[in-house]
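Just passing along the structure, written as structure tokens.
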Amino acid sequence: MTDDREDLGSGFDASASQATRARRQELGQRAAMALQVIMRNAKNYDERNAVFAAPIQAFLSAIDGLIATDGAFELRLDGDAVRANRQIIKLDAISRQVLEATHADLGARGVVGLRAVASASEHEFRALVGLLRGSRRLTNVGDPASPFPMLELVMDERSDEERRAPVSVHEEMVRAYAAGVLFAARTIGQLRDGGEVAPIWAAGRVVRQLVDLQGRAPLAMLEMSRTKADGEAYWGHHAANVAVLAISFGARLGLKKRRRHDLGMSGLFHDVGMAALPPAVLGKPGALDDRERYAVDVNPLFAARVLLRDREVHPAALERALAAYECHLRLDATTGDTPDVGLCGRVVAICEAFDALTSARPYRAALAPQAAVSVMYTEMANKFDTQLLGLFSSVIEPLL
Amino acid sequence: MRAGQPAAEVARAFEALGRAIKRIANYRHQRDKHAEYLALAYSELHELIVRQGALTVEVEPAALLFDGEPVLTEPARDGSMCFRLHRDGVRRLTFLPGLTVEELLAFTRIALPEIQDDHGPPTREDALIELWKADLSHVAYEAVAAFEVAQTEADELAVEAAALLARETLRAAAEKLGPGPEEALLAKRPIVGASDLEAIDPPEGPRRLQRAAFLVLRVVERRVAGRDLDSLRESLGRIIDEMLRLGDAPGLLATLDRLGALGDEAVTEIRVPLGKRLSALPRLTRFAALCDASIDLFVFGLPAYLKMLPFDVGPTLLEAMAAIEAKGIRAAFASAMAVRIEGCRALYEEALRTAPAPISQALLSAIDGLDFGLRGFLAALALQHADPSVQLEALQKLAASDPQTALAQLGPFLVHREPDVRIAAAQALGRLPMEEAASLLLGRMRALEFGLAERVEREAFHVALGGQKTAVGFGFLSERLTHSPRAGLLKSRHSEEQLLAIRGLAADGSARALRLLEYAADVHQGNPAVVASAARAAANHVRELLQRVLVGGE
């Protein structure tokens, strides 16, 4: 039974180092607790009172610390989560309870947090306390007549209706899809720059959401794979589309959600090997030379390499690494040397080809879904598991 | 849970749960016992839930809280359940009426963090995803978001751009399709039946591991590993650990085979470091146990495995041998140790003298491939072993490898308390064609008590003496065969001495021995019939041998 209240677009930068995250945790907690003390005392004392000195100093030191770490400071109190520079701050139950009151007090003024780009002064902070003592709604600069030099209030910009309105399944789907696009695109981008894969465990949560949403609106999920983009944006959308198609395929096959999740993850990361190819090769309209051909040939191995970088060998980790390699193999039964390919590789190969064929590329126009299926059945037939290819047609029937 | 529920009852149930978790954590490999460990905790928890309704607890890094009070506390460290759940974003757990012991067990196994077991640390997905995948009907959870998709403004713009496109796609689809088809698709049954599905997606465990191992090796062989070589090595090591854990003999065999076929560069990059990893004691003993159950793995896999081990693995091999029952596997381990003797010389010597007899024997058998002089030295050390069976083998080895040392060492064993050892010592000396060796034998054979020894021992000494082909030995045997009965010696005893001399002369096998035997076989010499008959048979045997040698020589 799942009842988690996770939502995309909130949380913390999981790609930061452990030390950075620990520092954000420490400083964020210090700032949050100082703010709570300030808000509580603001109900009883004038902003010039000495009672504010210690918490203000604690808050200011947290600002300085986080600016030194991240180059910026932002403390947000959203719902039941406190975030420092977007990272969720872990709080014990008692702290959470007292901060709920702070959240409510700030929320009543339309404020959800505090931001700073440079060190603030105690004087400036006491001015803020003065403003918070009142009950009126504030603007992001505090008092427009006398704005803060360094501090900025983070305002809740949603209307009351927006705050109350439940997010529709389609909108959840859109957000999860967009997150998937970004994960895949960022991974390829970061790898191209010599960086890391976007945190796979976090991508796992996006895919989890896609799997859940597919169960609630399978047709919309399938339709979403029609979303196309060109240029550099192609790779992110292609990856997300393959994930969506693979999850839909798995659902129609009757696979358990564990396997559907494997398929989604395999789809999302199946092309990370593209990072090893120069953009000029990726978009080259003509034939590739030998060197370029070799680069294309080994890119599935590069994909497997980066996906095994985390040294994880649990089944899900191996599935996605294997699929990234195996989905590019030819399953040519006529040669009598059919490679051993797992389900994820076989499904992703089909979904990948379908999405690629129905997308416009620099070297050819997009095919209609029906035409793409025809090509897959004829010219590309030896690349696929024929049984699964036959089943795929019925999965994507609504798109034809 | 309803207000007013006594926190003490909840605390008691969770105390029991905490104890069960601790026990399961300590005995993770005894999976069949886990349900039993959990039984008491389950019954308390179940009773509470039935009586009071759903039970919700907050998850903290070092505790579960009920009503703000800790009901289960643990140290906040990697090995703790609360820590893992909290780290992965789980903040609240609710146990619902209908909870089964299987569900509680599944939950416990998910919540328990990864551990360093005998075969290395297994890796796991994060707890939230595992909980989600497990789909437990009566364990609900709430989690906080634990990631930020967009880290920069550019990311936010990219997400928004992707969302805009997707929104537009869905809007267009909704306009085209209306609400009906969605319900229709939701109602559709899977497109394949259960049996077809199993054929399409068979259980993958070992097969997946083997493919993954091959994939890592392919990445390395194709020179694509780059700066991830370390990670890939570690991944391969963990894959092999999984194979060991699962007892996947075919997977191990195929992977070792593939490792053996690696090119030179890949050997340095992956096989050497992997060999170091595989030399850890738990892995060695586990592999040995698997070899015991799989003949293929023993015949083909074990040599490949042992070959990969590093130069300094000797002490670990010796330690592993203590747990190995199968003689063949122990012998293979001993050979691997002998090959690396320069890395563990002192230990090898010590083990020859003092290790349990089966180990010392295996180590002794393994010295055949070593340098001639070293073999004799090691065999002489093994003579110091307290166990006669080791001494016996050592005597043979010693005589075969180092005559001078054997000569110096074997004397005392001719009067050993154990007849078998005395016989083995005589046989060992029998291989030394030296007058000094013959003198040693004769010293014992002329002693009065030798006459009291069992026939088999006396025969062994005579054969050994003959085998030496020495002048002094021949003299003794001919004198025993031809002399007249000594005064006071029984006739039958005299005949027995003659028969023993015949056995010795047959072992001598020389032309002079043949002449003597032919002489004794002559009925005119007055020897008892039994002696003449034995001499004749022995003469025939020796003649045949000599003819064979003659023919071979031509």
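Restricting attention to the range A:258-280, and to residues there that are open to solvent by 30 Å² or more (accessible area, probe 1.4 Å) and either out of contact with any Gly (no Cβ under 8 Å at 6 or more places or on another chain) or farther than 28 Å from B:G193 by Cβ (or both), which single residue is nearest to the other protein chains (Cβ to nearest Cβ)?
A:R258
Failed condition for B:Q210, given (1) touching a Ser or Thr at 6+ places or on another chain (Cβ under 9 Å); (2) closer than 26 Å to B:V299 by Cβ; (3) facing chain A (nearest Cβ under 9 Å); (4) open to solvent by less than 40 Å² (accessible area, probe 1.4 Å), with all others met?
Just one mismatch for B:Q210, condition (4).
Considering B:P282, B:P273, which residue is under 19 Å from A:D310 (Cα atoms), in contact (Cβ under 8 Å) with a residue 40 or more places away in the chain, open to solvent by 20 Å² or more (accessible area, probe 1.4 Å) and more than 13 Å from chain A (Cβ to nearest Cβ)?
None of the others qualify; the one that does is B:P273.
How about the range B:286-295: which of its residues are surrounded by fewer than 19 Cβ atoms within 10 Å (Cβ to Cβ) and closer than 19 Å to B:S335 by Cβ?
The answer is B:A289, B:D292, B:I295.
Picking from A:D355, A:D332, A:D310, A:D271, which residue would you name as being of a type in the set (D, E, K, R), under 22 Å from B:I240 (Cβ atoms) and in contact with a helix residue (DSSP H, G or I) (Cβ under 8 Å, 6 or more places away or on another chain)?
So the residue among A:D355, A:D332, A:D310, A:D271 that is of a type in the set (D, E, K, R), under 22 Å from B:I240 (Cβ atoms) and in contact with a helix residue (DSSP H, G or I) (Cβ under 8 Å, 6 or more places away or on another chain) is A:D310.
Also: Would you list the helices (runs of 4 or more DSSP H) that sit entirely within the range B:363-447 and hold 2 or more residues that are free of Cβ contacts under 8 Å to residues at least 60 places away in the same chain and not assigned by TED's automatic domain parsing to the domain that holds B:I341?
So the answer is B:435-445.
Which one of B:A199, B:A212 is of a type outside the set (S, T, Y), part of a helix (DSSP H, G or I) and farther than 23 Å from A:W201 by Cβ?
Answer to the selection: B:A199.
Mind checking whether some residue in the range A:326-334 is surrounded by fewer than 24 Cβ atoms within 10 Å (Cβ to Cβ), more than 10 Å from chain B (Cβ to nearest Cβ) and acidic (D, E)?
Yes, some residue in the range A:326-334 is surrounded by fewer than 24 Cβ atoms within 10 Å (Cβ to Cβ), more than 10 Å from chain B (Cβ to nearest Cβ) and acidic (D, E).
Quick one: is A:E319 open to solvent by 10 Å² or more (accessible area, probe 1.4 Å), facing chain B (nearest Cβ under 10 Å) and closer than 22 Å to A:L343 by Cα?
no
Among the listed residues B:V267, B:V219, which satisfies the condition of being assigned by TED's automatic domain parsing to the domain that holds B:S279, in contact with a Lys or Arg (Cβ under 9 Å, 6 or more places away or on another chain) and of a type in the set (V, I, T)?
Step by step, each of B:V267, B:V219 is checked, and only B:V219 is assigned by TED's automatic domain parsing to the domain that holds B:S279, in contact with a Lys or Arg (Cβ under 9 Å, 6 or more places away or on another chain) and of a type in the set (V, I, T).
Yes/no per residue for (1) free of Cβ contacts under 8 Å to residues at least 12 places away in the same chain; (2) outside any helix (DSSP H, G or I); (3) within 22 Å of B:E156 (Cα to Cα):
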position: A:G189; (1), (2), (3): no, no, yes
position: A:E196; (1), (2), (3): no, yes, yes
position: A:V244; (1), (2), (3): no, no, yes
position: A:F249; (1), (2), (3): no, no, no
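Please enumerate the residues belonging to the range B:202-230 that are of a type outside the set (V, I, T), within 15 Å of A:D310 (Cα to Cα) and in contact (Cβ under 8 Å) with a residue 12 or more places away in the chain.
B:A212, B:A225, B:L229
Can you confirm whether B:E58 is crowded, with 18+ Cβ neighbours inside 10 Å and of a type in the set (D, E, K, R)?
yes
Let me ask something else about it. Counting only residues that are more than 13 Å from B:R218 (Cβ to Cβ) and either outside any helix (DSSP H, G or I) or within 19 Å of the chain's Cα centre (by Cα) (or both), how many does the range B:250-267 have?
The total comes to 7.
Just give me the residues in the range A:185-199 being within 10 Å of chain B (Cβ to nearest Cβ) and open to solvent by less than 10 Å² (accessible area, probe 1.4 Å), in sequence order.
Within the range A:185-199, A:A198 is the sole residue that qualifies.
Test each condition in (1) facing chain B (nearest Cβ under 8 Å); (2) at positive phi for A:G231 and report the one that comes out false.
(1)
Another question, then. Being touching a residue at least 24 places away in the same chain (Cβ under 8 Å), farther than 17 Å from B:L284 by Cβ and not basic (K, R) is the filter here; which residues of the range B:231-241 pass it?
B:L232, B:L236, B:I239
Here is a further query. If you go through the range B:397-410, how many residues are over 11 Å from B:F377 (Cα atoms) and surrounded by fewer than 18 Cβ atoms within 10 Å (Cβ to Cβ)?
So the count comes out to 2.
Can you confirm whether the range A:237-244 contains a residue that is within 11 Å of chain B (Cβ to nearest Cβ) and either surrounded by fewer than 23 Cβ atoms within 10 Å (Cβ to Cβ) or at pLDDT below 95 (or both)?
No: zero hits.
Here is a follow-up. Just checking, which of A:L391, A:L307 is in contact (Cβ under 8 Å) with a residue 24 or more places away in the chain and surrounded by 22 or more Cβ atoms within 10 Å (Cβ to Cβ)?
So the residue among A:L391, A:L307 that is in contact (Cβ under 8 Å) with a residue 24 or more places away in the chain and surrounded by 22 or more Cβ atoms within 10 Å (Cβ to Cβ) is A:L307.
Residues to consider are B:R480, B:R493; find the one that is part of a helix (DSSP H, G or I), in contact with a helix residue (DSSP H, G or I) (Cβ under 6 Å, 6 or more places away or on another chain), among the basic types (K, R) and open to solvent by less than 80 Å² (accessible area, probe 1.4 Å).
B:R480
The values are calculated or read from the model by the stated rules, or taken from the named source; none is laboratory data. Given the structure is predicted, the values throughout are model-derived calculations rather than measurements. Glycine gets a Cβ as well: all are built from the backbone with ideal geometry, and neighbour counts include every protein chain shown. Surface areas here come from the heavy atoms of the whole protein model, side chains and all, with no ligands, DNA or RNA. Shrake-Rupley method; radii C 1.70, N 1.55, O 1.52, S 1.80 Å.
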